[in-house]
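Asks: Quick one: the structure is below, and I'll ask about it shortly.
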Amino acid sequence: MMSSAVPLAAVFGCSGPVLTAAERDFFRACDPLGFILFARNVQTPDQVRRLTGDLREAVGRADAPILIDQEGGRVQRLRPPQWANIPPMARFGECHARNPDAAFEALDLAIGLIAADCLSLGVDVDCLPVLDVPQPGAHDVIGDRAFAHDPQTVALLAGRAAARLLAGGVLPVAKHIPGHGRALVDSHLSLPRVDAPLEELERIDFAPFASCRDIPLGMTAHVVYEALDPEHPATTSTRVIGDIIRGRIGFDGLLMSDDLGMKALGGSFADRARASLEAGCDIVLHCSGEMTEMQEVAGAAAPLNMEGQRRWAMARAAKPAQLLPEPDRDRALTRIADLLG
């Protein structure tokens, strides 16, 4: 069954490895654009395939996107032994400093494995690559999730990772736009404030996002930039989204908020959803699967607007008609380890 209605401008999680009757009814009624999976939703390949099928059936859209955070390193929802164990992206940046060709080969193999694992489960959006540029003294919430500490290497490797993910049939997400690398605190727990001047932000933090502006989806940073908008984090700032993300950076992809459940944001979940959409996010992301919170978000959100519909159509069109073949898993993992040293 395919729905002709415009979906809600939201992506939701669910509570466990099996869709509950209450969740099925809620998703059928509110019709979110898509869903996101976490470790709590993952047990076996067959179980995940059933879950992704049930989620799409609930909204009546076989093309409803299903997202995951599968970055490698400490952020991997799909874990061995069923799925490939990918090193953190910083390892590829370190390799690039020694031998760029080896880094490119290793990265292509690693992202190819990630794409194959995701696609085999019905997961078609991976929240990767991280384009943040960590700065001295910053909180390690980004840390080795970032490719490097210089914007040129970050842009080069992140752009290659995004292209390889797309070639494997999975949509990439540029995060955390316009940059989380200076945050002194973890935005999961509190609100980071960055006091760097605009010129420095443009030269370092924004540069990888500008270089990779054609990545079809992006995720905002729950970070206040004092030089841009001292009152609101990027996610809820009309100025940051309009002037910086859409303007100076030039990103015209589908823009989603980072998780509304993170403690960097204040107010009710309805307030958070409303403020994010009013500031210019195309969709809001709510990850916990907590029903009362999702109901609040759904009550405050609206159907995807015309610009959001256009950007989502552009994102879907970015997938190639012919996908690259899946790498041989054992050979690829052995080769990655050899290349990275």
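The values are calculated or read from the model by the stated rules, or taken from the named source; none is laboratory data. Model, not experiment: these values are computed from the prediction. Cβ placement follows ideal geometry from the backbone for every residue including glycine, while neighbour counts extend to all protein chains displayed.
Asks: Report the residue count in the stretch 15-47 for those that are within 14 Å of residue 298 (Cα to Cα), surrounded by 14 or more Cβ atoms within 10 Å (Cβ to Cβ) and of a type outside the set (Asp, Glu).
Replies: Residues meeting the conditions: 7.
Asks: Can you report the number of residues in the stretch 58-81 which are without any contact (Cβ under 8 Å) to a residue 40 or more places away in the chain and either at positive phi or surrounded by 15 or more Cβ atoms within 10 Å (Cβ to Cβ) (or both)?
Replies: Residues flagged as without any contact (Cβ under 8 Å) to a residue 40 or more places away in the chain and either at positive phi or surrounded by 15 or more Cβ atoms within 10 Å (Cβ to Cβ) (or both) within the stretch 58-81 amount to 2.
Asks: What number of residues in the stretch 309-331 are over 19 Å from residue 7 (Cβ atoms), in a helix (DSSP H, G or I) and in contact (Cβ under 8 Å) with a residue 40 or more places away in the chain?
Replies: Of the residues in that region, 1 qualify.
Asks: Please enumerate the residues belonging to the stretch 140-150 that are surrounded by fewer than 22 Cβ atoms within 10 Å (Cβ to Cβ) and not β-branched (Val, Ile, Thr).
Replies: Across the stretch 140-150, the qualifying residues are 140, 143, 144, 149, 150.
Asks: For the stretch 128-159, what are the residues that are over 16 Å from the mean Cα position of the chain (by Cα) and of a type in the set (D, E, K, R)?
Replies: Answer for the stretch 128-159, where residues must be over 16 Å from the mean Cα position of the chain (by Cα) and of a type in the set (D, E, K, R): 140, 144, 150.
Asks: Further question: Among (1) within 19 Å of the chain's Cα centre (by Cα); (2) more than 28 Å from residue 110 (Cβ to Cβ); (3) buried (at least 16 other Cβ atoms within 10 Å of the Cβ); (4) of a type in the set (Gly, Ala, Ser), which single condition is residue 315 missing?
Replies: Single failed check for residue 315: (2).
Asks: Name the residues in the stretch 33-50 that are of a type outside the set (S, T, N, Q) and without any contact (Cβ under 8 Å) to a residue 60 or more places away in the chain, would you?
Replies: 35, 39, 42, 46, 50, listed by residue number.
Asks: When you look at residue 284, is it assigned to a helix (DSSP H, G or I) and not charged (D, E, K, R), yes or no?
Replies: Criteria not met by residue 284.
Asks: Still on this structure, please answer the following. Suppose we filter the stretch 204-238 for residues that are among the charged types (D, E, K, R) and either crowded, with 24+ Cβ neighbours inside 10 Å or within 25 Å of residue 139 (Cα to Cα) (or both); how many remain? I'd like the intermediate steps shown before the answer.
Replies: Restricting attention to the stretch 204-238, the residues satisfying the condition of being among the charged types (D, E, K, R) are 205, 213-214, 226, 229, 231.
Keeping just the survivors that are either crowded, with 24+ Cβ neighbours inside 10 Å or within 25 Å of residue 139 (Cα to Cα) (or both) gives 205, 226, 229, 231.
Qualifying residue count for the region: 4.
Asks: Within the stretch 239-268, take every residue that is among the charged types (D, E, K, R) and without any contact (Cβ under 8 Å) to a residue 24 or more places away in the chain and give me the one that is surrounded by the most Cβ atoms within 10 Å (Cβ to Cβ). Give the steps one after another, and end with the answer.
Replies: Keep residues of the stretch 239-268 that are among the charged types (D, E, K, R), which gives 239, 243, 246, 248, 252, 258-259, 263.
Applying the additional criterion that residues be without any contact (Cβ under 8 Å) to a residue 24 or more places away in the chain yields 239, 243.
On the way: 239: 17, 243: 14.
Per the stated criteria, the residue is 239.
Asks: While we're looking at this one, here's another question. Pairs under 6 Å by beta carbon, first residue closer than 26 Å to residue 310 by Cβ in the stretch 199-226, partner of a type in the set (Phe, Trp, Tyr) and at pLDDT 95 or above, six or more apart or different chains?
Replies: Pairs found: 213/251; 218/251.
Asks: Please work out which one of (1) in contact with a Gly (Cβ under 9 Å, 6 or more places away or on another chain); (2) buried (at least 22 other Cβ atoms within 10 Å of the Cβ) is the condition residue 293 fails and give its number.
Replies: Checking residue 293 against (1) in contact with a Gly (Cβ under 9 Å, 6 or more places away or on another chain); (2) buried (at least 22 other Cβ atoms within 10 Å of the Cβ), the one that fails is (2).
Asks: With the structure loaded, tell me whether residue 276 is among the polar types (S, T, N, Q), in a helix (DSSP H, G or I) and either touching a residue at least 24 places away in the same chain (Cβ under 8 Å) or more than 22 Å from residue 157 (Cα to Cα) (or both) or whether it fails that test.
Replies: When the stated conditions are applied, residue 276 passes them.
Asks: While we're looking at this one, here's another question. Output the residues belonging to the stretch 99-141 that are touching a Leu at 6+ places or on another chain (Cβ under 6 Å), closer than 23 Å to residue 213 by Cβ and among the small types (Gly, Ala, Ser).
Replies: Listed by number, the list holds a single entry, 115.
Asks: If the requirement is being among the aliphatic types (A, V, I, L, M), in contact with a Pro (Cβ under 7 Å, 6 or more places away or on another chain) and buried (at least 17 other Cβ atoms within 10 Å of the Cβ), which of these qualifies: 304, 285, 277?
Replies: Step by step, each of 304, 285, 277 is checked, and only 304 is among the aliphatic types (A, V, I, L, M), in contact with a Pro (Cβ under 7 Å, 6 or more places away or on another chain) and buried (at least 17 other Cβ atoms within 10 Å of the Cβ).
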